[in-house]
1. Where in the stretch A:225-319 are there helices (runs of 4 or more DSSP H), lying fully within it, with 1 or more residues that are without any contact (Cβ under 8 Å) to a residue 12 or more places away in the chain?
2. Which of the residues that make up the stretch B:39-55 are over 21 Å from residue A:318 (Cα atoms) and surrounded by 20 or more Cβ atoms within 10 Å (Cβ to Cβ)?
3. Hey, could you check the stretch A:352-362 for residues that are in contact with a Phe, Trp or Tyr (Cβ under 9 Å, 6 or more places away or on another chain) and not in a helix (DSSP H, G or I) and say which is farthest from the other protein chains (Cβ to nearest Cβ)?
4. Only one residue in B:176, B:188 is closer than 21 Å to residue B:19 by Cα, free of Cβ contacts under 8 Å to residues at least 60 places away in the same chain and part of a strand (DSSP E or B), so which one is that?
5. Tell me whether the stretch A:96-115 contains one or more residues that are within 21 Å of residue A:363 (Cα to Cα) and touching a Pro at 6+ places or on another chain (Cβ under 8 Å).
6. Taking the stretch A:320-342 as the search range and keeping residues that are at the interface with another protein chain (Cβ under 10 Å from one of its Cβ atoms) and of a type outside the set (D, E, K, R), which one is surrounded by the fewest Cβ atoms within 10 Å (Cβ to Cβ)?
7. Just one of B:28, B:90, B:96 is within 20 Å of residue B:173 (Cβ to Cβ), modelled with pLDDT of 95 or more, buried (at least 20 other Cβ atoms within 10 Å of the Cβ) and in contact with a Pro (Cβ under 8 Å, 6 or more places away or on another chain); which is it?
8. On the given criteria, is residue B:58 surrounded by fewer than 17 Cβ atoms within 10 Å (Cβ to Cβ) and either in contact (Cβ under 8 Å) with a residue 60 or more places away in the chain or within 11 Å of chain A (Cβ to nearest Cβ) (or both)?
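The values are calculated or read from the model by the stated rules, or taken from the named source; none is laboratory data. These numbers come from a predicted model, not from an experiment. Reconstructed Cβ throughout: ideal geometry from the backbone, glycine too, with neighbour counts over all protein chains shown.
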Amino acid sequence: MSIIQTDKEPWKAPDNVGHVIPCDYEHKKPLKFDNGQAIQEFNIRYETYGKLNKDHSNAILICHALSGDHHCAGYHEGETKPGWWDNMIGPGKPIDTSRFYVICPNCLGGCQGTTGPSSINPQTGKPYNQDFPRVTIGDMVRAQKILLDHLGITHIHAAVGGSMGGMQVMQWMIDYTEMVGRVLILASTARQSTQSIAFNEVGRSAIHQDPNWNKGDYDPDKGPDTGLAIARMMAHITYLSNRGLESKFGRDRKQKTQNLTDVEFEVESYLRHQGQTFVNRFDANTYLLFTKALDTFDLYGQKDDLRHAFQNVTARILAIGFISDWLFPPEENREIIQSLLKLGKNASYAELESELGHDSFLLETKEYFDLVRAFLD
Amino acid sequence: MVESRKEEAKRRTDQMVINQGIQPGDKVLDLGCGRGSLLQLLIQEKQVRALGVDINPGKILECVKKGIPVFQGDVDLFLGNFPNQSFDRVILSRTVEHLQKPGRTISEALRVGRRVTVGFINHGFWLNRMNYFLKGSRTINDVYPDPWYESAPVTFFSLANFEDFCRKKNIRIHARVCLDANWKNECRILPNLLAGYVICDISK
């Protein structure tokens, strides 16, 4: 009986955090960005799971990737789809909410509740759109630090992030060295490769060549949806792999058609669906902002050597690369750890077999989950 | 391959010998660290700053569980990336026989480490010779339990081979400990014939 119950109401499963409600922290002071610009106030939306212990030593910070958000576990009331990392986070799961207090904020510049281009600029009464300052990974982390100060958290047991989230946790261990105990970097890079910048540029071009683009000053209900959907379709391919797509769809056909623009293959249908659903939850200006934040992220710096950035790091670090990930491939993750090891830091590198490309860091495998559990323990 | 309990017991003496050569607080690199049991011992006994390298993901997990820094990957690729004399001690414990190019890896280990410990099975051991002489066949025992067609490629070499290599490459052997057939007690006479296991402390 109880199994049928959890099937219908998965938030009641013993390893689920259950129904969750997002929180907002309104910071009424100015925030200065890396590029020198500032906004007068900002809101940061976040979710927390589990309980902060007495000595405030069990906090885990989750940093989300480009298209992610603060809702990484449990269910929102009335919804049947859980948060994006629900397989990883919950009571008894690798990020165990019966032991840890998990915090996941929506990134600065985002469009899911934290102040970003689609938010109203209090000075003009209109959305910021293109007037929103250029965001860097460092700016995102600075805003997260303000949230943690507000929550009374002075020590993070671990900062965890994949992809763009991995960049943020690296920034954390550099900028707030003394605060971070452990850092878990998943499928990430210390510097966006030229190929990745190239892919992002195709996505950005699709957006600003959309007839509704209007130089970023579009009506919220009539944005550059076609461009954004195409950007997402193409980016989505970079998150997967040839083998992954092959085994998921093969050359299966949805229908035979004479019309060249109709959906014919299953994979086409899948990508169009990905594009469409993305448009409903994402803002084009945020997409431009975040892809630029990714592209300009470069811990190698002017001396072209990661060791300068990592000089003062004190955290214990684990990076995991996934064999089939060709967006942030194993060697880019390996290089992060090699640089840390050359400096004598406490760092480890593991490499996992996977079929599904970059998105492998979101999928459950025993080896992967055991590793995460062991590292956080 | 799961190590049998018997083999684990054998390795204990080996680890104790290696431990004796380590200075407290040394920076130690264990190439082919397996599940990290040697490094764990060295951390407990000598508070070393440990780092392990292994290619097997299951063994990496065991090291992470023990909290030992570990790098998953090929030993040669890893060494090539490191500056000279980065470690006080580099350990190759039963690793050399699995290497693609043992000579190259040992000289790389001598480059990144001030001192190198090499522990290896002596294939000049009399029983191995007897098996070849009488049966014309390789020894099957606890350490090599699998028939040839089911085991990974292994380079067999003897103590005499190793010492000859060191002479040719101008490698100094500072200390040498030879263990008997059960890797338990020290073997002092005719080691190339009677020793089952050898541990050498070397440098350039």
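1. A:242-248, A:266-281, A:306-310
2. Answer for the stretch B:39-55, where residues must be over 21 Å from residue A:318 (Cα atoms) and surrounded by 20 or more Cβ atoms within 10 Å (Cβ to Cβ): just B:42.
3. The first filter runs over the stretch A:352-362 and keeps only residues in contact with a Phe, Trp or Tyr (Cβ under 9 Å, 6 or more places away or on another chain), leaving A:352-354, A:356-362.
Narrowing the set further to residues that are not in a helix (DSSP H, G or I) leaves A:352-354, A:356.
Details: A:352: 7, A:353: 8, A:354: 11, A:356: 17 Å.
Applying the filter and picking the extreme gives A:356.
4. None of the other options fit; the residue is B:176.
5. Yes; the residues of the stretch A:96-115 include at least one that is within 21 Å of residue A:363 (Cα to Cα) and touching a Pro at 6+ places or on another chain (Cβ under 8 Å).
6. Checking each candidate, the answer is A:338.
7. Just a single option satisfies the conditions, and that option is B:96.
8. yes
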